[in-house]
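A short write-up of the structure that comes next.
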Amino acid sequence: MKNIILSLFFFATAVLVGEYYFHSSIFDKNRNIPPVQRKKVPISSNSSNISVLNKIYRQYKNGIISECPTQGEMFYTAGLNVYDGTTDIFDSNGIRIVRFGGLFPNTEGNANIDLENCKNIYVVQKNIWGLPPVDKYYLQDQ
């Protein structure tokens, strides 16, 4: 529970910082947006399940998706590129197990998942977080 509360704190902080950068830089027409990071990543049995990622991507293509290896299993977090949006946590089968954040900070679901080892695998190009775009598994191309 402490991990989820701590993650909510960091998420809220990231949203506030993202709002600052969003308002200060995204409307600057002279701002150069870096190209999407594209590296060939072989999909093996240890890599993410592409069909699950495609399912999550269809709902969050205007947002961010991260993979979180923890407790010997892969979990995914996803959120839309909107202020006060929720963050969902999915299991390795793409089933949402937790939803938190947004205008209603009550958490739906229960999970003891360590989100500190999460890596962004998809970030939409123009985003409120000020993050560089990422598409590790070429989800845009599938």
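The values are calculated or read from the model by the stated rules, or taken from the named source; none is laboratory data. These numbers come from a predicted model, not from an experiment. Ideal geometry is used to build each Cβ from the backbone, glycine not excepted, and the neighbour counts take in all protein chains shown. These area figures cover heavy atoms from the full protein model, side chains too; ligands, DNA and RNA do not enter into them. Shrake-Rupley method; radii C 1.70, N 1.55, O 1.52, S 1.80 Å.
The table below gives the values:
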{"quantity": "Hits in the stretch 71-87 (condition: touching a residue at least 24 places away in the same chain (Cβ under 8 Å) and closer than 12 Å to Ile113 by Cα)", "calculated": "Gln71, Met74, Phe75, Tyr76, Thr77"}
{"quantity": "In the stretch 89-109, residue modelled with the lowest pLDDT [restricted to those that are touching a strand residue (DSSP E or B) at 6+ places or on another chain (Cβ under 7 Å) and assigned to a loop (DSSP other than H, G, I, E, B)]", "calculated": "Thr107"}
{"quantity": "Residue list for the stretch 50-66, restricted to those being touching a helix residue (DSSP H, G or I) at 6+ places or on another chain (Cβ under 8 Å) and either open to solvent by 40 Å² or more (accessible area, probe 1.4 Å) or under 21 Å from Trp129 (Cβ atoms) (or both)", "calculated": "Leu53, Tyr57, Lys61, Ile65"}
{"quantity": "Of all residues in the stretch 67-88 being in contact with a Leu (Cβ under 9 Å, 6 or more places away or on another chain) and outside any loop (DSSP other than H, G, I, E, B), the one that is surrounded by the fewest Cβ atoms within 10 Å (Cβ to Cβ)", "calculated": "Thr70"}
